[in-house]
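Written out below as structure tokens is the structure these notes cover.
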Amino acid sequence: SLGEHELVVPSGVATTRFSLPIGGAELVVRVRLPNGELAPAFGVDVNRAEPGQRGYLAASSPDGGPVQIDDVPPGRWRVHVHAPHIAPLPDQEFEATVVASRVELEFAARPAATVFLCLRSGTRDVSLPPELLPPLVAGQDELRCELRNRQVERSNAHQLVWHSVPVGPASVLWTDRVVAGEHVFLPFEPLPASHLVVAPGVRNEVRLDVLPRACTDLCACDRGGREDVQASVAVFAGAVPVRRAKGGAPQRWRGWLPVGDYRLVVTRGDDVREQPLRVDRVDQTLRLRP
């Protein structure tokens, strides 16, 4: 609501009258299942919809039922709902005003499930970063691979999942890709596509026997061999940069590369140096000095 306030000061000093917005809209979000019931636990992310405006609100419903967010500041907002058992839904927008108001949004959920990815090489499980793995495609949706438990830094075969996969046919193409101008190489040799039918209430799983590619671990150092935090490292296949695994500082580069020749570029301020990089089937760790 809009409040008006008067500031009282000693005699002889001018008083100032001003107004400012207090509070805002009340937002209520519901997710309804195909059977008409409200969805169980789900999360809500609310972001500013206007270009150049910044703002973020979040809430969740751990026990089911609607999610309520009070005092949403004035402006236009975009609402996104998410849960492993709900297929991706289009975002909705609403306008919040300084006048006390209540905005109710309802999303029609599509049933979904989690698909587990189990990777083995011979008789052992292998740990590979999910950001280098391809999306699972289900209809018009592309779901990225991620860690089942985001608090765990090192993944194993049973922690890799695709969440919120719509029920029905789905597939994964196990090929190298170019995404946003970067080569994204699989951490293992390409395989035939996986096809499955995702069903609720059962364990949906993709199991692969893979041949891991060689891991290349690079670190820019100073002349004394100490890690140079002012440097950055990049790897190119021809003229196209190669995506690294997440979690490394700019002076470090880690990835799994096909056998072949690459360009290695190390930047230290205005000094840019390039050298060839040969990758075979053996893991390699290189410390790059000036």
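Observations on the model:
- Residues satisfying the stated conditions in the range 228-248, i.e. under 20 Å from Thr285 (Cβ atoms), more than 18 Å from the chain's Cα centre (by Cα) and in a loop (DSSP other than H, G, I, E, B): Asp228, Val229
- Extreme residue, farthest from Glu95 (Cα to Cα), among residues of the range 29-50 that are exposed (fewer than 15 other Cβ atoms within 10 Å of the Cβ) and more than 24 Å from the chain's Cα centre (by Cα): Asn35
Residue by residue, here is whether (1) more than 23 Å from Leu147 (Cβ to Cβ); (2) free of Cβ contacts under 8 Å to residues at least 40 places away in the same chain holds:
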position	(1), (2)
Val46	yes, yes
Leu57	yes, yes
Ile86	no, no
Glu93	yes, no
Glu106	yes, no
Ala113	no, no
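- Scan of the range 111-145 for residues that are charged (D, E, K, R) and modelled with pLDDT of 90 or more, ordered by number: Arg120, Glu131, Asp141, Glu142, Arg144
- Selected residue (criterion: farthest from Glu131 (Cα to Cα)) from residues of the range 220-276 that are surrounded by fewer than 18 Cβ atoms within 10 Å (Cβ to Cβ) and aliphatic (A, V, I, L, M): Val272
- Qualifying residue in the range 84-99 (condition: surrounded by fewer than 17 Cβ atoms within 10 Å (Cβ to Cβ), closer than 24 Å to Val165 by Cβ and in contact with a Leu (Cβ under 7 Å, 6 or more places away or on another chain)): yes
- Count of residues meeting criterion [farther than 23 Å from Leu211 by Cα, among the acidic types (Asp, Glu) and in a strand (DSSP E or B)] in the range 249-287: 2
- Pick from the range 209-227, criterion acidic (Asp, Glu) and assigned to a strand (DSSP E or B), ranking: nearest to Glu182 (Cα to Cα): Asp217
- Note on the range 1-51: enclosed strands (runs of 3 or more DSSP E) holding 3 or more residues that are modelled with pLDDT under 65 are 2-6, 17-21.
The values are calculated or read from the model by the stated rules, or taken from the named source; none is laboratory data. All of these numbers come straight from a predicted model, not from anything done at the bench. As a convention, Cβ positions derive from the backbone with ideal geometry for all residues, glycine included, and neighbour counts pool all protein chains shown.
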